[in-house]
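This report refers to the structure that appears directly beneath it.
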């Protein structure tokens, strides 16, 4: 009975067209070209590697796409249980006429060829968007991205700022900044001017968010111009900063970004809790982990100082979800944002979805984003979320609270689509 | 089938009369006077504010109650999904003849008037207690509360000690202490004498518990009289203490309270994990949050030093529930106590209830308290808990373990009522 | 419908014969002799003590077994709700012809006598193994265990190293090491030689794992020979080490153990997060707890430095399960291992099982171990796990993902049995 109800709700949720509020899509090569683009997604390479496949086999320079797939396929057997594998099967069935249960050494070549035919057919990018119900997709753009040559109403720019905050000490980053802004940064005033150029460029190109990922120990706090000035002067001279100094510089840049977001009315996406390069011998993008000892209390100054900035927040560790629920319930400018990475599996999503839907104002919850690198993944990832959402709406609202199905669906549609438009409005 | 079973169990649990072991009821004004008292509960003002309503609109001095409700009602739409809103609808239906699904700009005035008629009718306080099945309610009394003018068998005094532990540095607190005890504290001996007067006063008035809320970083440890003496002398002279000194003073006072609890055989309720005033621009009582990085290991010295004191413990962060389960399972003097504040939503309660019921001796679990400020909230809050409890008893005991329904109900009744009497016995 | 499915799956899982990859069985006295051995398991003594039974009543020297049971039985009433009590009833029903619902002052003597008849009957050890479906059981052997006088194919040795890492400062430990290895440790070279003797002895006796339990604050890091040399010299002279020095010595020994595991291709079981002797007045083995503030990031150097060593990891705090899931998903040498102690209750197992089965390669998960001290406990403990596993397979795989029952069962059998053989292979 409840299963029937869940299916009815899911069927309705499946009709909702989407704006995907966070992805890593390259708008110049948004769709996959071969199955190697799909199996090259870090979830498959890192899980195959974790199950025993050598990194060198996967990342051999100049590897032919078909050979790459051939090397990964035998390891898929070991990860058939994972939800990530389920995404893979889901998209192969939806897009590539695949009807098997598993991808094996016996059937992968046909799948590869079928996929190739589909992926190389004219208009595939439009068709995958249409079949996935996607109206628009937020990008993750480097600060010096020219943002040219693509349709910014379909692929919405988003200023990603990790490099500025955590790698301004690298001369490469400063050179990129100088090239992008025509400002050679030697002082806080210069830096603010450079930021002004960057933000102006992004806003002019239709950007609707600034974004950053942050390590677990980061604490947001303002840094005075005198301190910042010394550090900016030092790095301009090529002086190596100590760890503490680098942290203070990062805090300075971060705070300045928040000020710019306030000035230009841009939401500032915070993705909190990642430790980079924990497993240095891991595959590309399969090296990062986290420290669960992290709390949103580390952002209290920020939330208090910028009431006019909306902070859509993702947390990497499930243990921080209650922080997120509670801070969103209290702070008007904190918004829950999707289910990130290691917390993006059904059991964690279900708990997190349930606790958010019952305690955070319904207008302050962005249900899901794909985080994808290639368009084909939106469909199975959103399908996973929709299934969980349907279950939570069925059990916690229709069964437990006696809500009508229509009312539950309205809540579902709000978190799935409506709030993306509300939190990230197009600029007038 | 399981749903039917849950309903049968819930129906039985609904017959259990209650002693509410923790509330903020003012015994001189226990029931609400208008709907503004109900919508003025911080859950509604903070959620409405979080959803966008300006604090100034809510807290305008001299605001007429009806106008206050008129201002909050439009924001209720944004929080209809929350369980707190569900409490509101539940109590309006139970007490005010409300039969709508939601409270809107179209129907709120009639509700306001209907509520007013009920709330101002003679004998309402008795009726709401009776309809809610409440036999008695624990209070939260300031240390200098005269405890006079109310029926202490219905409204049971409880000595709340946050001010003593964390605000003894304020001259206002010391003045209140001097007035209440006739002791001018300048030394540890004075302080212990003053505490003796306070505890004597409370015990004479029928108090059944001492209570305190504690910040996440607090570590319970004894402080010697020499150290304490210096600090007490310093504050008596008006010397400003440093942060470390204030912490040590707090530890000293806290430990002395535990000693008094031991001497007078009072349980000491610890409510662990709150950070006060994190969102300083928030509405009244809507400014506090927490840091999930907290562990009961910080209380090991206390639990070891006072085997004769019962510590009913509430934890603010769901992540600490396993600490609580495990410490209650090992320490005879640690008892699980309710579901507090940010952990008082169904998804967290269900997990916490389930893990407690399967691992902590059944005699050491206090299922729930209302934490309410006005009597009307006991009914919907306990209803939420009873619904979760019925589900856990059904699934984990009747279905999984093949318990009879009667046996499961006996367990339910024990945590709902019996253990309150066992843990907080009336004094002979 | 789902319940029927769960039962079918459970029925099949019940047919799987087991290798128990972690226990505290004494191979010279593996089975219980009387009901006192069973009720003497720390779960019962600590829960009875927690519920009010004095330690002195339980641990009185020279206490007759029947009298011990007589003293514990009245306290069982208070812990009937616990899952540990459920294990007790389960094994009494399975082995001792018990058909009651509870053990009471009225029926315990008959149970005691019935148990005695069974336990003292010839061949009981073989029968309990057979009835429990146990093919082999891993032990927990002191480093100086002679490993003689028992069948090491049935009782598989495992080198437990807590004493070496955390108690080498004690002269008793060093004497035991000298006796066991014929090496008097005064330098790093000596110590490595002594370890070589120990590991050689264990491997020759068929050991398949090295194991250790670790406190929450432990951080794995290499320590240079100069530093280690100073510390080893100091303790050889009887110099008392400071806390920091003791920590560094522990880090040194731990790292050397990992090196030996690498050399001899032994998996290294890490059981992470226990604080010893938190409740010093507690019953035997009922004194330890934990600090939930712990992260696998503390082991990043270890996992990176020893890619050739498999680390089956158990975490004490449920809050660390996501660390374990994520580190196992990324690091090829990290494997999830069972559900330990305070996380070994159904609600935690279910969440942990669900999150592991959907995100960690299926070949890298060891479902369960008994951790038992007496053979009779394998049956009810594995029964608890099998019930949870059947539910997760039914809901998350058969219902949610449309897997066939056979496919779900193959996954279940892999984590229940197959992976034990894969992760801990017998040495050629």
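The values are calculated or read from the model by the stated rules, or taken from the named source; none is laboratory data. What you see is a predicted model; the values in this text were computed from it and never measured. Using ideal geometry, Cβ is built from the backbone for each residue, glycine included, and neighbour counts are taken over all protein chains shown.
Here are the numbers for this structure:
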| read-out | value |
| --- | --- |
| Members of the range B:13-42 found to be in contact with a helix residue (DSSP H, G or I) (Cβ under 9 Å, 6 or more places away or on another chain) and under 22 Å from residue B:426 (Cβ atoms), listed by number | B:16, B:17, B:18, B:19, B:20, B:21, B:23, B:25, B:30 |
| Extreme residue, nearest to residue B:47 (Cα to Cα), among residues of the range B:323-344 that are within 11 Å of chain A (Cβ to nearest Cβ) and buried (at least 24 other Cβ atoms within 10 Å of the Cβ) | B:342 |
| Scan of the range C:154-183 for residues that are farther than 17 Å from residue C:256 by Cβ and part of a loop (DSSP other than H, G, I, E, B), ordered by number | C:154, C:157, C:170, C:182 |
| Residue in the range A:218-239 that is away from chain B (no Cβ under 14 Å), within 29 Å of residue A:19 (Cβ to Cβ) and in contact with a strand residue (DSSP E or B) (Cβ under 9 Å, 6 or more places away or on another chain) present | yes |
| Residue satisfying all of: in the range A:299-308; more than 9 Å from every other protein chain (Cβ to nearest Cβ) and surrounded by fewer than 22 Cβ atoms within 10 Å (Cβ to Cβ); nearest to residue B:273 (Cα to Cα) among these | A:301 |
| Residues of the range C:355-408 classified as touching a helix residue (DSSP H, G or I) at 6+ places or on another chain (Cβ under 6 Å), assigned to a loop (DSSP other than H, G, I, E, B) and within 10 Å of another protein chain (Cβ to nearest Cβ), total | 5 |
| Residue list for the range B:81-100, restricted to those being in contact with a helix residue (DSSP H, G or I) (Cβ under 7 Å, 6 or more places away or on another chain) and within 10 Å of chain A (Cβ to nearest Cβ) | B:81, B:82, B:83, B:84, B:85, B:86, B:90 |
| Condition met for residue B:29 (away from chain A (no Cβ under 14 Å) and under 30 Å from residue A:335 (Cβ atoms)) | no |
| Filtered residue count, the range B:221-263, keeping only those that are outside any helix (DSSP H, G or I) and over 17 Å from residue B:306 (Cβ atoms) | 7 |
| Test: residue B:316 is crowded, with 24+ Cβ neighbours inside 10 Å and under 18 Å from residue B:268 (Cα atoms) | yes |
| Any hit, the range A:247-255, residues being closer than 22 Å to residue A:338 by Cβ and either in contact (Cβ under 8 Å) with a residue 24 or more places away in the chain or more than 14 Å from chain B (Cβ to nearest Cβ) (or both) | yes |
| Hits in the range C:327-354 - residues which are touching a helix residue (DSSP H, G or I) at 6+ places or on another chain (Cβ under 7 Å) and either without any contact (Cβ under 8 Å) to a residue 12 or more places away in the chain or outside any helix (DSSP H, G or I) (or both) | C:330, C:331, C:332, C:333, C:334, C:335, C:336, C:339, C:345, C:347 |
| Residue B:392 buried (at least 24 other Cβ atoms within 10 Å of the Cβ), in contact (Cβ under 8 Å) with a residue 12 or more places away in the chain and in contact with a strand residue (DSSP E or B) (Cβ under 9 Å, 6 or more places away or on another chain) | no |
| Sole residue being more than 16 Å from the chain's Cα centre (by Cα) and assigned by TED's automatic domain parsing to the domain that holds residue C:301, chosen from C:355, C:336 | C:355 |
| Residue within the range A:264-287 that is touching a helix residue (DSSP H, G or I) at 6+ places or on another chain (Cβ under 9 Å) and assigned to a helix (DSSP H, G or I) present | yes |
| Residue count for the range B:294-320, restricted to those that are assigned to a loop (DSSP other than H, G, I, E, B) and closer than 25 Å to residue A:332 by Cβ | 2 |
| Residue that is under 26 Å from residue A:402 (Cα atoms) and in contact (Cβ under 8 Å) with a residue 24 or more places away in the chain, where the choices are B:97, B:49, B:28, B:42 | B:42 |
| Complete set of residues in the range A:201-220 that are in contact (Cβ under 8 Å) with a residue 12 or more places away in the chain and outside any loop (DSSP other than H, G, I, E, B) | A:201, A:202, A:203, A:209, A:210, A:211, A:212, A:213, A:214 |
| Out of A:3, A:63, A:53, A:10, sole residue that is assigned to a loop (DSSP other than H, G, I, E, B), in contact with a helix residue (DSSP H, G or I) (Cβ under 9 Å, 6 or more places away or on another chain) and within 14 Å of another protein chain (Cβ to nearest Cβ) | A:53 |
| Filter result (in a loop (DSSP other than H, G, I, E, B) and touching a helix residue (DSSP H, G or I) at 6+ places or on another chain (Cβ under 8 Å)) within the range A:101-120 | A:101, A:102, A:103, A:104, A:105 |
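This table checks each residue for (1) within 11 Å of chain A (Cβ to nearest Cβ); (2) over 16 Å from residue A:325 (Cβ atoms); (3) at pLDDT 95 or above.
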| site | (1), (2), (3) |
| --- | --- |
| B:277 | yes, yes, yes |
| B:283 | yes, yes, yes |
| B:289 | yes, no, yes |
| B:294 | yes, yes, yes |
| B:314 | no, yes, yes |
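Here's the yes/no breakdown for (1) surrounded by fewer than 16 Cβ atoms within 10 Å (Cβ to Cβ); (2) within 29 Å of residue A:394 (Cβ to Cβ); (3) without any contact (Cβ under 8 Å) to a residue 40 or more places away in the chain:
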{"residue": "B:72", "(1), (2), (3)": "no, no, yes"}
{"residue": "B:124", "(1), (2), (3)": "no, no, no"}
{"residue": "B:129", "(1), (2), (3)": "no, no, no"}
{"residue": "B:149", "(1), (2), (3)": "yes, no, no"}
{"residue": "B:157", "(1), (2), (3)": "no, no, no"}
